[in-house]
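Colleague: Okay, handing you the structure first.
Just so it is clear, none of the values below were taken in a lab; they were calculated from the coordinates. Keep in mind the model is a prediction, meaning the values are calculated, not measured. Cβ coordinates were reconstructed from backbone atoms using ideal geometry, including for glycine residues, and neighbour counts include every protein chain displayed.
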């Protein structure tokens, strides 16, 4: 960075602080270890300043300023805490609590609720204000997201996530005054609008107003039925985040302990979505080569991310033939589990139940798509988010951290580093290149690490030299960034051959089903992903011996007829 | 000698509002001609010298606002006239729009010339939509006569005026909400900074001024800033349109010189309010709009100027003077004010949305013998302090002004029904 920001000196509660110009009072206070309470503020979203809990006194003025929305200035004298400010904040909190249902004990956010934490911080011991609004029942949208608007504190985070980060505009502010609400146009269901079920809204909601459809008890039920043969797959991004729910720092790798915990829950087999990711690379890599060789539609765009697929089908129906026809790893896994695996073990398809553990809410939507079924039997029966798995383990009393590590089961449990890095933005592209390069050149890549494609950054470009051709690459994460790139593509302004899109900032590690937290945690998880990649003996998908066996014994070769039937799909414009 | 003055209202009721020639005969468009022979900086100096305070209610010095915008980089700069006159008891902008619209257009044209604006917007209150067509036809006439539109007065300067109709939301009178609404967005206030002068309409530098402020500009230029100042109060020059309403005999719009009349003159003088109707006694008066302070008869000798009223804990605000006689219950009156704010809150910030609602519950209880406790009064105080200090915009920050000022004057009425004792606690929080 060449532009050095000018520094500003100010005093916060008597502490001298020097911060770059443009820093908010809130951020400056944090740097001085002064913790101003907030509710509507979120580090990854724009300024809204509507809850007013972060108000502070500046230069002795009676009028208070919102610390989250006001930037520091030279010589400012900020007071963040005194009896007056404390009483005003307490009153604001009591006003928020006035029409909030007090059913913490039965709330999905019990223990992770930001409003609950504020009530504890302020020592709320009685409820001064009442409103008396009848509670609304939770509403399940497309089997994926639940909205319970009587719990909404109207902080506007969900809207900011949907509008600013994702540019999906599925929800907005509605009406005014006492009727002011955050909702869909004309109160329609999310599935009837532009919602992609990416779940960013749920991942930033401070309370229990928007959350994933919790299916923990369904899993307990199917596990209890001896007729079922229940297999579970775990997505790469889960292993670097699940530990957070058990007190470990973000990015801690808990693969072995997670496998052990899943075995304790009683799954017949614990498999790895990484295996299916390697399989995806075999199909997608060959599809890309086929498009290159036979003048197919380019750029080819990845199709692993169900939020992205929903987005493309909604906003860019004219570009659907750019999408790879490959199913996502989750769905490839389901299709293979209910055919190849069933056949190999001699178990009837209808007895096999496939459960996925995913960092993602949109995976719940994806598994229910009509294309992902065989004779009306879904290839994947249930999807649990990382958060749900954590709750399930806690419900079963399993202290994951204390378990000895265990290994994934054969014949769909082997993983390469290429499969692991699917969990981070840029990973699918990097994994594909590791295989494509070798298939085309017959030689090993000089380096397996495509640093240009890695990291949290939302838009990344790179290129790779293949014989006779430079292949240009683009990686975007967040749907807002995807929209910009697709508009360029539509306008003929892109010069790339291969695009990876992930709906969530940072990729699947930043998925909306992961433990709550901001981008700071996502960045740590990304580090965990690449450590796991480095640690694995095999780092290229085509080296996966179980995938090799699958082709040899069942599929034939990549893009074979059987592979097409089981592993590929097609897309439809939505709402047309 | 008349206590009134004729600056903005000159020609009102005598000259047909659409008659360009007649308006010229009383000096119309002379100020525009004069302005266009001056530099923008010179014009701003005159406005500064006049000490014209913003007439919408916030009383921000117009000259300072203009000078600030003059030095901001970026083109185009937009002029926005706030004609979203939504304060109950305030109807002086409607008077200007109906009676002397050409004076407003002349003021807008002068402002446009100062900032080299290609376009000005008039944001017209939804309930005034019946005025829109008439105003548009007068704009057309002024265009044909060369005072608006292309090449004003044969110069290189051109200005288009567009009228935007509001949809009835009081909050759209807040300048940043007004700009959002003009852009086609939901009318809710913006986070400031950035200030509207820097990032205003369509992200461009913008001047937002009230109808009465802009209509005062021509007279300032004709008289000169210094002379205009001398007609009023040393801290705030010129005249103010006041809207007299309620239980006085002669309700209506009056243009008065600032700093010359007392509140007693305004309410009781035969040339103005003419006293209380039906031989009743004055109980209180509400100044400046719903967000203004409540005054007591003890304060009648206060001089009507920004400075004197402020010193007495009152304010000019929009210029509303609502007079209430002895038959009115202060608590009932305040409930009506509170209901207005409940209805008009945009709803996005907690103190305003939720605070007004809880104040309503307490006011309700204060009206019922034995229903309210001392705790309720303490809670009411807490709510007032919270809303005033912590609300997002001016609406919430001033919504409780009437209650807190009335409380001082009518303490016994506030506390008449209040009981202490824990046995009433259940009722109080129920």
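Colleague: Suppose only helical runs count, i.e. DSSP H with n ≥ 4. What mean residue ellipticity at 222 nm does that imply for the protein assembly as shown under -39500 (n - 2.57) per run, divided by all residues and rounded to the nearest 500 deg cm²/dmol?
Modeller: -10500 deg cm²/dmol
Colleague: I need A:351, A:257 ordered by Cβ neighbour count within 10 Å, fewest first.
Modeller: A:351, A:257
Colleague: Now for a separate question. Cα centroids of segment B:245-261 and segment A:1-41: how far apart, whole angstrom?
Modeller: Centre-to-centre distance over Cα atoms comes out at 50 Å.
Colleague: For the ranges B:219-231, A:172-184, B:316-328, what's the packing order if you count other beta-carbon atoms within 10 Å of each residue, average per peptide, and put the highest first?
Modeller: B:316-328, B:219-231, A:172-184
Colleague: To the nearest whole number, what is the average tally of beta carbon atoms from other chains within 10 Å of the beta carbons of peptide A:86-92?
Modeller: 5
Colleague: Ok, one more. For segment A:211-235 and segment B:1-66, what is the separation of their C-alpha centers, rounded to whole Å?
Modeller: Each part reduced to its Cα centre gives a spacing of 77 Å.
Colleague: Once you've got the GNM for chain B with C-alpha springs shorter than 10 Å, pick whichever of B:258, B:249, B:136 has the biggest mean-square fluctuation.
Modeller: The residue that fluctuates most here is B:136.
Colleague: Could the peptides A:63-74, A:499-510, B:295-306 be put in order, highest first, of the mean number of other beta-carbon atoms found within 10 Å of their residues?
Modeller: Final packing ranking: A:499-510, A:63-74, B:295-306.
Colleague: Suppose a student asked you for the relative contact order of segment A:217-567, using Cα pairs under 8 Å spaced at least 6 residues apart; what percent would you report?
Modeller: Reported relative contact order: 26 percent.
Colleague: Can you report the principal axis dimensions of chain B using only the alpha carbons, biggest first, rounded to whole angstrom?
Modeller: 80, 50, 37
Colleague: Something else: Let me know the shape class of segment B:20-231, please: from the alpha-carbon gyration tensor, a ≥ b ≥ c as square roots of the eigenvalues, rounded when a/c is under 1.5, otherwise prolate if a/b is greater than b/c, or oblate.
Modeller: rounded
Colleague: Ok, one more. Please work out the C-alpha center-to-center distance from segment A:179-204 to segment A:432-451 and express it in whole Å.
Modeller: Spelled out, the Cα-based centre of one part sits 42 Å from the other.
Colleague: Rank by packing, highest mean first: peptides B:53-64, A:200-211, with packing defined as the count of other Cβ atoms within 10 Å averaged across residues.
Modeller: Top of the packing list down: A:200-211, B:53-64.
Colleague: With the Cα gyration tensor of segment A:420-576 giving a ≥ b ≥ c as the square roots of its eigenvalues, does the rule (a/c under 1.5 for rounded; else a/b larger than b/c for prolate; else oblate) give rounded, prolate or oblate?
Modeller: Since a/c stays below 1.5, the shape of segment A:420-576 is classed as rounded.
Colleague: Also: Compute the orientation-averaged projected area for segment A:422-481 from the convex hull of its Cα atoms and round it to one decimal in nm².
Modeller: Projected over every direction and averaged, the Cα hull of segment A:422-481 covers 4.1 nm².
Colleague: Over segment A:326-432, what portion of Cα pair distances is larger than 25 Å, expressed as a whole percent?
Modeller: More than 25 Å apart: 30 percent of the Cα pairs in segment A:326-432.
Colleague: Please arrange B:251, A:86, A:574 by counting, for each residue, the other beta carbons lying within 10 Å of its beta carbon, fewest first.
Modeller: Final ranking by Cβ density, sparse to dense: A:86, A:574, B:251.
Colleague: Next question. How would A:244, A:114 line up from fewest to most surrounding beta-carbon atoms within 10 angstrom?
Modeller: A:114, A:244
Colleague: Then there is this: Percentage of Cα-Cα pair distances in chain A greater than 38 Å, rounded to whole percent?
Modeller: Taking all Cα-Cα pairs of chain A, the fraction more than 38 Å apart is 32 percent.
Colleague: When Cβ neighbours within 10 Å are restricted to other protein chains, what is their mean count per residue of peptide A:167-178?
Modeller: 4
Colleague: Just counting partner chain Cβ atoms within 10 Å, what average do the residues of peptide B:352-364 show around their Cβ?
Modeller: Per-residue shielding by partner chains comes out at 4.
Colleague: For the protein assembly as shown, report the translational diffusion coefficient in µm²/s to the nearest whole number, using Stokes-Einstein at 4 °C, 1.567 mPa s, and a Kirkwood Rh over Cα pairs.
Modeller: 40
Colleague: Go from 0 up to the bin containing the longest alpha carbon distance in segment A:266-336, width 5 Å each, and give me the % of pairs per bin.
Modeller: All Cα pairs considered, the percentages come to 4, 16, 23, 20, 17, 11, 4, 3, 2, 0.
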